[in-house]
Amino acid sequence: MERSRTRSIQDFILDHVDDDPRGIARRVAQAYGISRQAANRHLDALVGAGVLDESGHTRARAYALRRSSAVSRELRVTPVLSSSRVWADAIAPILAGDRAIVRETCRGIFKELVENAIRHAGASWISIELATSARQIDLAVTDDGRGIFSALAERFLVATPRGAAEEFARRAQLRSMDSPGARLTLLARGAESFAIASSGIVCEFEAANDLWIVRNSEEVLAGTTVSCRLKRSVSREGRIDEPIPSRVSRR
């Protein structure tokens, strides 16, 4: 029973710490009817296990999920570049402990983004970034091609990349399978967040309303970057995949 309660408290911390990095000890204490000192011991255990980062001192102490850069690669676009091979070699081993549905969702997004960059972007290089925490998977694929919204401006016969992004969003909303956004919309629905940045424009998928939002970006970079965040799996018992010490002495 005590071990189950410990796991429940630690899962609560992992689920809420990014929303309340300075007040998480208070929230834990209130949610579970324990003292702040007891809540801090659970936080210390997660810091000691390398799952949380800690900054500041005493009442100014703040916590955050520890994010690690798991993959950072630049790939030259060649006729033999294979998204499946890159996935199997670089990413699949990192996600081996996650649930099958998480792995398959991530694999589908990765395959689509890399193959789009190879086939349609006119790119010479592709950059792949994968970062993980105990609760999230962050994936970004960047190419140095002409930019998706610049290319779509020609296809849609509109004057600007902004106009192309707005037309992309409109057609995607119609759910026509011949829309350039149809496949990306299907993939975006499986992610916690999903965004396309190109030509000074960002097109973000708003899952709550099932639509794309277009906004200007502060940065105007060459090529296209597609980034997404997936919620990482926990076990059937609600436990994180790696065991966490239940007691760590406070520093």
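The values are calculated or read from the model by the stated rules, or taken from the named source; none is laboratory data. As the structure is a prediction and not an experimental result, all values here were calculated from the model. Cβ placement follows ideal geometry from the backbone for every residue including glycine, while neighbour counts extend to all protein chains displayed. In case anyone asks, the SASA skips ligands and DNA or RNA and just uses the protein heavy atoms, side chains included. Shrake-Rupley method; radii C 1.70, N 1.55, O 1.52, S 1.80 Å.
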Complete set of residues in the stretch 120-134 that are modelled with pLDDT of 90 or more, open to solvent by less than 20 Å² (accessible area, probe 1.4 Å) and not hydroxyl-bearing (Ser, Thr, Tyr): 126, 128, 130
Enumeration of residues in the stretch 26-59 that are among the hydrophobic types (A, V, I, L, M, F, W, C), out of contact with any strand residue (DSSP E or B) (no Cβ under 6 Å at 6 or more places or on another chain), open to solvent by 10 Å² or more (accessible area, probe 1.4 Å) and assigned to a helix (DSSP H, G or I): 29, 31, 38
Qualifying residues in the stretch 135-165 (those that are of a type in the set (Lys, Arg) and not in a loop (DSSP other than H, G, I, E, B)) - the one surrounded by the fewest Cβ atoms within 10 Å (Cβ to Cβ): 155
Contacts under 7 angstrom Cβ, first residue in the stretch 138-161 being farther than 16 Å from residue 201 by Cα, partner of a type in the set (Asp, Glu) and assigned to a helix (DSSP H, G or I), 6 or more apart: 156/167
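Among the residues of the stretch 112-134, write down those that are under 17 Å from the mean Cα position of the chain (by Cα) and either under 20 Å from residue 151 (Cβ atoms) or assigned to a strand (DSSP E or B) (or both). Quick ask: steps written out before the conclusion?
Start the filter on the stretch 112-134 by keeping residues that are under 17 Å from the mean Cα position of the chain (by Cα), which leaves 112-114, 127-134.
Passing the criteria: 112, 113, 114, 127, 128, 129, 130, 131, 132.
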All positions within the stretch 60-104 that are open to solvent by 90 Å² or more (accessible area, probe 1.4 Å), under 30 Å from residue 20 (Cα atoms) and in a helix (DSSP H, G or I): 101
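Might you let me know whether the stretch 107-119 holds any residue that is open to solvent by 20 Å² or more (accessible area, probe 1.4 Å), over 18 Å from residue 188 (Cα atoms) and either at pLDDT 90 or above or out of contact with any helix residue (DSSP H, G or I) (no Cβ under 6 Å at 6 or more places or on another chain) (or both)?
In the first step, residues of the stretch 107-119 are kept if they are open to solvent by 20 Å² or more (accessible area, probe 1.4 Å); the result is 107, 111-112, 115-116, 118-119.
Narrowing the set further to residues that are over 18 Å from residue 188 (Cα atoms) leaves 118-119.
With either at pLDDT 90 or above or out of contact with any helix residue (DSSP H, G or I) (no Cβ under 6 Å at 6 or more places or on another chain) (or both) added as a condition, the list becomes 118-119.
Within the stretch 107-119, one or more residues are open to solvent by 20 Å² or more (accessible area, probe 1.4 Å), over 18 Å from residue 188 (Cα atoms) and either at pLDDT 90 or above or out of contact with any helix residue (DSSP H, G or I) (no Cβ under 6 Å at 6 or more places or on another chain) (or both).
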Residues located in the stretch 166-225, provided they are β-branched (Val, Ile, Thr), farther than 21 Å from residue 111 by Cβ, surrounded by 17 or more Cβ atoms within 10 Å (Cβ to Cβ) and in contact with a strand residue (DSSP E or B) (Cβ under 6 Å, 6 or more places away or on another chain): 202, 214
